[in-house]
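Here's the structure, in structure tokens; my notes come after.
The values are calculated or read from the model by the stated rules, or taken from the named source; none is laboratory data. These numbers were taken from a predicted model, which means no experiment stands behind them. Every residue, glycine among them, receives a Cβ derived from its backbone with ideal geometry; neighbour counts consider all protein chains shown. Each accessible area value is taken on the protein alone, full model and side chains, heavy atoms only, with ligands, DNA and RNA left out. Shrake-Rupley method; radii C 1.70, N 1.55, O 1.52, S 1.80 Å.
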Amino acid sequence: MITITGKGVSNGVAFGPLYFYHRASGEVARCTDADPAVELERFETARKTAMEQLGALYQKAMDEVGEEAAILFETHQMMLDDADYVESVQGLIEGDHLNAEAAVSDTAEQFAEMFANMDDTYMQARAADVKDVSSRVVGILSGVVQGGIDSDVPVILAADDLAPSETVQLDKSKILGFVTAGGSGNSHTAILARTMGIPAIIGVGDQLKAEFAGKEIFVDGQTGEVVIDANDATRDRLTHKQSKERALKELLDQLKGKPNETVDGKSVMVYCNIGNPDDIDAVLANDGGGIGLFRSEFLYLQGNDYPTEEEQFIAYKTVAERMGGKRVIIRTLDIGADKQADYFGLDHEENPAMGLRAIRICLTRPEIFKSQLRALYRASAYGKIAIMFPMITSVWEVQEIKRICKNVREELAAEGVAMADYVELGIMIETPSAVMMSDRLAKEVDFFSVGTNDLTQYTLAVDRQGNNLDKFYDSHHPAVLRMLKMAADNAHAAGIWIGICGELGADTSLTETFLALGIDELSVSPSAVLPLRNAIRSLDSRTNRDKILDELLSC
Ligand code: PEP
Ligand code: MG
């Protein structure tokens, strides 16, 4: 038995086979004396697998984002079925004795160059597609799986760390738990795990060896324990703990349908954070009262090009409709810093967290912003959509945003497009500047939502992604809590509500403090809704209110 310890960032015990996430290296194996018969067959099998994958992706895109997005996968299927393409690959295998990977890769280069040199802009754009679909085939040939997991059974997924663009593409039905070498509690792998309600352990370093692949391992997301080849006693202990967790979950399930109300009758809105329309299943299953943060980046991170207005509209409409009139707060694009999409062509920055990210991109590239706003206002006709803007630091930014929103509304109205009569506009309070200006900002918007992940990072000057900074990244720091108080007081003075959508919102050791500060809404991972409801319902907000506020000011 081998025990490894990391940091638990999403609770729960799980066990299953260990699977290492495979990432394409970008290098294509090349051999010039391969056996043509073998390579032809390998190519044909990989081509068929790719066709099947594309068929499944077409269906998934149709269900989730609509036909316009799905067509991409149909185009890729047509390319793989194209006689010239197939003959070119076969020719290189038979004539030059190339291995299948190299033959596909060379064909992709030739076809991409041919497309790029055409006059028609539509055909020029196909250069990227032929490369994309060919790299899928090369990936299959070299054992790299799109979506990361090539297993028939669900696994414990191990990786060094996962980029946001990788997490959005994972086949989530195959994951029982996560173990990462690096990462931080605020990394998107950790956030994804909490959304899915599965255990996750980060920071195990190089303790997880390649030879453990396929072995059955236990993970305990509460203690950070990873056990390989567990002995009987450990197996019993952890399976017993898992049964206890299940029993607790059943107890918490009984809170479904009950109000988030304290003993003294104070109620708090408990909403959910999601990153994908698929997450709505978990929101409904956990009785979330609304969506407090829909990280719209997923639309931008999952593809190789900007999502169209239509694709976005369908995604937002789906979420609004599925939430059946409950408030759905959609945050506009928050790309940059740790969330990178190559096609944005952003310059390399020395300090990306302080660089061109989030609203700064939207205000410098208004065409991207306008397309998202058009989609949001169009979707507002189908539910209770509110729009929220990230990384605000200045009043002028909000005034500029409101001017753009007004233009978009007028444009859509002139086109005769249906929209909600009123769409609430809110901002994220996630920079110290936004807190200090919150009296002025509160007069401009309908609500505040505090992003404690970034607010902690910027207040304490500690990188939220930093591997060895946990000791310094302290969301309970009085500086952060005082900031919360200031923003809450200013929100209430202006008559607007304030919520928390950072990870701190789910920390039940602070629920009483949040109540004392008058926080109106907490937006948490779906799996945290019922534990939070339980905490709220067992509190009397009057008991320690004065003491908590005094301590906050005197500490
Ligand atoms: C935050 O910063 O707290 C937040 C909710 O946004 P994100 O984690 O997506 O940056
Ligand atoms: Mg943030």
By average C-beta atoms within 10 angstrom, highest first, the peptides 112-125, 368-381: 368-381, 112-125
Cα gyration tensor category, rounded, prolate or oblate, for the chain with a/c compared to 1.5: oblate
Leading residue at positive end of dipole, the chain (Cβ point charges), from Ala285, Pro17, Ser475: Ser475
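For the chain, what is the accessible area per residue in Å², given a 1.4 Å probe and the full set of protein chains?
That works out to 43 Å² per residue.
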Separation between Cα centres of region 513-555 and region 217-290, rounded to whole Å: 19 Å
Lys/Arg +1, Asp/Glu -1 at C-beta; the chain dipole; positive extreme among Thr45, Val130, Val319: Val319
Residue-averaged [θ]222 nm for the chain, counting only DSSP H segments that reach four residues, each worth -39500 (n - 2.57): -14500 deg cm²/dmol
Nearest-ten-degree value, helix 395-414 long axis tilted from longest Cα axis of the chain: 60 degrees
Cα gyration tensor shape for region 88-216, rounded if a/c is under 1.5, else prolate or oblate: prolate
Shape parameters for region 482-555, alpha-carbon atoms, Rg then Dmax in Å: 12.3, 35
Low-density loop cleavage sites - trypsin sites (Lys or Arg not before Pro) in region 449-555, where at most 11 other Cβ are within 10 Å (DSSP): Lys471
Highest to lowest packing among 410-419, 10-19, 91-100, scored as the average C-beta count within 10 Å: 10-19, 91-100, 410-419
Within the chain: Cβ-based charge dipole about Cα centre, in debye rounded to nearest 20 (Lys, Arg +1; Asp, Glu -1): 2860 debye
For region 286-342: span of alpha carbons on each principal axis (Å, largest first): 36, 24, 17
Fraction of beta bridges assigned by DSSP in the chain that are antiparallel (%, nearest 5): 30 percent
Shape call, region 432-555: gyration tensor on alpha carbons, a/c limit 1.5: rounded
Phe73, Phe472, ranked by accessible area, largest first (probe 1.4 Å): Phe472, Phe73
Relative contact order, percent, the chain [alpha-carbon distance under 8 Å, six or more residues apart]: 15 percent
Of Asn186, Asn231, Phe218, farthest towards positive along the dipole that unit charges on Lys, Arg, Asp, Glu beta carbons give region 182-264: Asn186
